[in-house]
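Structure first, then comments.
The values are calculated or read from the model by the stated rules, or taken from the named source; none is laboratory data. Not measured: the values here are computed from a predicted model. Neighbour counts are summed over all protein chains in view; Cβ atoms, including those assigned to glycine, are modelled from backbone coordinates with ideal geometry.
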Amino acid sequence: MSIVAFAEKNKAAAQIASILSEGNFERTTLEGVNVYEFKKDGKQWRIMGLSGHIMTYDYPQEYNNWKDVDPGVLIDTMPEQFITKQAFANAISRLAKDSDEIILACDYDREGENIGFEAKSIAEKVCNSPIKRARFSSLSTGEIKKAFQNPVEPDVNLANSAKARQILDLKMGVAFTRYITLSVQQKARTKGVLSIGPCQTPTCGFVYEREKAIKEFEPRDFWKIEAVFTHNDIDFQGTHRTGKFFDKQKADAVYNKISDCKTGQVTNKKVKETKSSPPYPLNTNEFLKRASKFLGLNSDRALEIAEQLYLSGFTSYPRTETNKYANDFDFQSRVAELTKKAHKELALEVFKNSEDGFNPRNGTKDAQDHPPIHPIKSANKGDINNAVNDSKGWDVYDLIVRHFLANLMQPAVFEKTRIEISVNDEIFDATGTVKKESGWIWVYPFEAKNDKILPEIEINEKLKINKITNTNSQTTPPKRLTESELLTLMDKNGIGTKATAPTHIETNKKRGYFETKGKSISILDTGFTLMDALDKSVPLIVKPEIRARVEQLIQDVEDGKKSLDGAINEGTALIKQMYSQLTSNKDEMVSQIAGTIYDESVAADSDNYIGKCSECSRVLRIVTTDNGRFVGCTGYPECKNTYPLPKKGALNIMKSRECKKGAPAVIKVGNKYHWAVGIGPCFKCDMENECFPPEIVGQCPNCDGYMFLIKTKDSRFLGCTNKCGYTQSVPKSGRLTILDDTCECGWNIVRVKEKEKEAKEFCVNRKCINKL
DNA sequence: GCAAGGTC
């Protein structure tokens, strides 16, 4: 009797083999793929891990040429399933041929069932062995043994639901992407692909909606009446209960009524103790959000770091939906491990807190895939820096460790006080918060808050009023989305999965639809115009509903309410309907998009982009020919405007410099001089001092001139604007910036940032009073 | 050249 089982991945296969064989198994390879073998109860077992999907849907070759195939035809063409990982397919065939029974043992979810069916379809071609399914929700001993003792029938509906998703996503993505890309290419010279997809487009849609809200925002005036009260030498602020007065007259009336008041009376007081529980264990989504919020990391980079931490054994597998620990999770040894290195003090505190055992604050999601992200090995900063190729490696590790420990600690306790104060019958509110017990926040400084103190005070007591103000402000527009907020929106709307959400964000960036600046995401012209054009012609595709519609269809397949063909037909009809909306609005849409694409594609070539042509306001660029180089207009041959350039020297376009004589740009030529396009060498120009003001550091100690930074080809130093002869050295290496802050001696503080090092800020004055 | 979903 020979049993063959297919798991979703190599790691799972090894784990299953280890459990079923009680550790007595051997690893062999077949077609380069690991197979785990053992004998048990007279049966020969062989377990192989797949590599996620080993097949994909795609269109047959004759549909590959974009220009020959009308994209609309793709919607009515059924894609075919191709093997993408041939070695795995070969190994499956060879194992299946030699089997009496086959067990599918992939993850128990849609994609897992689907991956199992990929193996099933290959096996069925070479053998007639019965094919069963082992269903388990975690790789724990109990679950695995039970699942393999009672295998069930494979769930064709579950597998088909994933198939429906694959086919519909492909049809829509391919048809829309080709159509938009080709139509825009007819109008604008661009090589780039303008992609559309059922996940990437709504993702961009969120960013677009926010941008629109910002653009359409009209600030409103409002007035806020605030009072500063004093009691027992403590000043605190109260706000009129109305909050924002949008009616100036009403605000003025209230203000006039109380502006001369010298006292107020406490009319109510409430003290409430509130507990703040530790955060749930980290699943991928939560991890990415926090890495963005606390560390300013974009999700792609954060996941890459987590992956490296995982591969070097410091933390657990980073892709998980689960935010709940299994009952038998071994906290004892994990926390003990952490007492060995940098987080020793924190880990010991957790031990102190856990005399009656460890009590994690568990979440509610158990996707039964992997445990929440947690530390495996303790480390010092150096260990992480050696293992992770990213300067933020340590910060990410530290976050994971602290999150893990915080989760095991007591809630933090705050005392919140709210008092109500009457000032000539107008009610003011004041609140205070005092931390009574730090609990988990002690190990989790990311969420620490400062206390807001209110004086000890009782009802009916009188308070002195220091000041009453009536301030006019304006409502502010919504803020740009952060990556963390975008991930939340995606998660809420079912866009993408734990493993793919960051990819969708990356795709949008790669296409030039939006970018991340600091923590916030800002949309680029291409993204905005594309979304705007789509929103007008095919509104559904920009909104998360598109995903929900497909999700509903495939859920019906999973539930057996619809056949695979039925769901595909319905989905195809929906795509067709959207596609006809798209094509009927073609002209307007294309001209709208083409306008921005053209400029951006030239501008993106930043080595050559110069500025606007004064003749035709198109874009100027550097043209290099066999005979030399010059600045020419991208409108050539219609516009023949040109400017000369020096023959020698590397050219560097100084975007931060503006020519006061109106030249389109200033170019740095080698290390020697600057050249304003169309005007000539800047240092022979009478406006030199205005375009290139000296970088003053401070007063010259020798005369009444100022010390300024002089940079030459191979050195830099400070010289006097009066040329009195006094000079002084500055650090030779690192990027040097003169800050606005000044030292007590009057000189500006200088910031020096060397590669791979922390920036230093200090006073460079040799004669600084602090040094004497 | 195109999607989204697995995995590494």
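Quick one: residue A:499 ticks every box in (1) more than 12 Å from DNA strand B (Cβ to nearest atom); (2) outside any helix (DSSP H, G or I); (3) surrounded by fewer than 17 Cβ atoms within 10 Å (Cβ to Cβ) bar one, so which box is it?
(1)
From the list A:466, A:460, which one is on the phi > 0 side of the Ramachandran plot and either assigned to a loop (DSSP other than H, G, I, E, B) or assigned by TED's automatic domain parsing to the domain that holds residue A:262 (or both)?
Only one candidate qualifies: A:460.
Please list, ordered by first then second residue, the pairs with beta carbon atoms under 7 Å, 6 or more apart or interchain, first in the range A:142-167 and more than 28 Å from residue A:563 (Cβ to Cβ), second within 15 Å of DNA strand B (Cβ to nearest atom) and in a helix (DSSP H, G or I).
Within 7 Å, the pairs are A:144/A:16.
Going by the structure shown, is residue A:85 of a type outside the set (Ser, Thr, Tyr) and surrounded by fewer than 17 Cβ atoms within 10 Å (Cβ to Cβ)?
no
Report, ordered by the first and then the second residue, all pairs with beta carbons closer than 7 Å, sequence separation of six or more or different chains, a first member in the range A:296-317 that is under 21 Å from residue A:343 (Cα atoms), and a second member that is at pLDDT 85 or above and acidic (Asp, Glu).
A:305/A:390
Any residue in the range A:726-734 that is over 30 Å from residue A:620 (Cβ atoms) and touching a Cys at 6+ places or on another chain (Cβ under 6 Å)?
yes
Could you look through the range A:317-329, keep only residues that are within 12 Å of DNA strand B (Cβ to nearest atom) and not charged (D, E, K, R), and pick out the one that is nearest to the chain's Cα centre (by Cα)?
Per the stated criteria, the residue is A:318.
For a quick check of your reading of the model, give me the residue pairs whose first member lies in the range A:491-509 and is without any contact (Cβ under 8 Å) to a residue 12 or more places away in the chain and in the same structural domain as residue A:201 (by TED's automatic domain parsing), whose second is more than 7 Å from DNA strand B (Cβ to nearest atom) and not in a loop (DSSP other than H, G, I, E, B), with beta-carbon atoms closer than 7 Å and at least 6 apart or on different chains.
That search, which allows pairs on different chains as well, returns A:509/A:515.
From A:297, A:303, grab the single residue that is modelled with pLDDT under 95, out of contact with any Pro (no Cβ under 7 Å at 6 or more places or on another chain) and among the aliphatic types (A, V, I, L, M).
A:297
Hey, could you check the range A:4-40 for residues that are of a type in the set (Ser, Thr, Tyr) and outside any loop (DSSP other than H, G, I, E, B) and say which is nearest to residue A:114 (Cα to Cα)? Write out each step before concluding.
Just the residues of the range A:4-40 that are of a type in the set (Ser, Thr, Tyr), to begin with: A:18, A:21, A:28-29, A:36.
Among the residues that remain, those that are also outside any loop (DSSP other than H, G, I, E, B) are: A:18, A:28-29, A:36.
Details: A:18: 25, A:28: 26, A:29: 24, A:36: 22 Å.
Checked the range A:4-40; the qualifying residue nearest to residue A:114 (Cα to Cα) is A:36.
Search the range A:730-741 for residues that are in contact (Cβ under 8 Å) with a residue 60 or more places away in the chain and pair each with any residue that is surrounded by 10 or more Cβ atoms within 10 Å (Cβ to Cβ) when their beta-carbon atoms are under 6 Å apart and the residues are at least 6 apart or on different chains.
none
Out of all the residues in the range A:202-226, which are touching a strand residue (DSSP E or B) at 6+ places or on another chain (Cβ under 7 Å) and crowded, with 16+ Cβ neighbours inside 10 Å?
The answer is A:204, A:207, A:208, A:211, A:222, A:223, A:224, A:225.
When residue A:507 is evaluated against the numbered criteria (1) buried (at least 21 other Cβ atoms within 10 Å of the Cβ); (2) within 16 Å of DNA strand B (Cβ to nearest atom), which criterion, by number, is the only one it fails?
(1)
Would you check which residues across the range A:182-203 are in contact (Cβ under 8 Å) with a residue 60 or more places away in the chain and either part of a helix (DSSP H, G or I) or among the β-branched types (Val, Ile, Thr) (or both) and list them?
Within the range A:182-203, A:182, A:183, A:184, A:186, A:187, A:190, A:193, A:196, A:200, A:201, A:202, A:203 qualify.
Check the range A:512-532 and report whether any residue there is over 22 Å from the mean Cα position of the chain (by Cα), assigned by TED's automatic domain parsing to the domain that holds residue A:197 and assigned to a helix (DSSP H, G or I).
yes
Within the range A:30-85, track down each residue that is more than 30 Å from residue A:577 (Cα to Cα) and under 34 Å from the mean Cα position of the chain (by Cα).
Across the range A:30-85, the qualifying residues are A:49, A:50, A:51, A:52, A:53, A:54, A:83, A:84, A:85.
Please go through the range A:154-196 and pick out each residue that is surrounded by fewer than 20 Cβ atoms within 10 Å (Cβ to Cβ), among the small types (Gly, Ala, Ser) and modelled with pLDDT of 95 or more.
A:173, the sole residue that qualifies.
Of all the residues that make up the range A:535-581, how many are within 26 Å of residue A:192 (Cβ to Cβ), assigned to a helix (DSSP H, G or I) and within 13 Å of DNA strand B (Cβ to nearest atom)?
The total comes to 5.
Where in the range A:41-133 are there strands (runs of 3 or more DSSP E), lying fully within it, with 2 or more residues that are within 15 Å of DNA strand B (Cβ to nearest atom)?
Of the strands (runs of 3 or more DSSP E) lying wholly inside the range A:41-133, those with at least 2 residues that are within 15 Å of DNA strand B (Cβ to nearest atom) span A:43-49, A:55-58, A:80-83, A:101-105.
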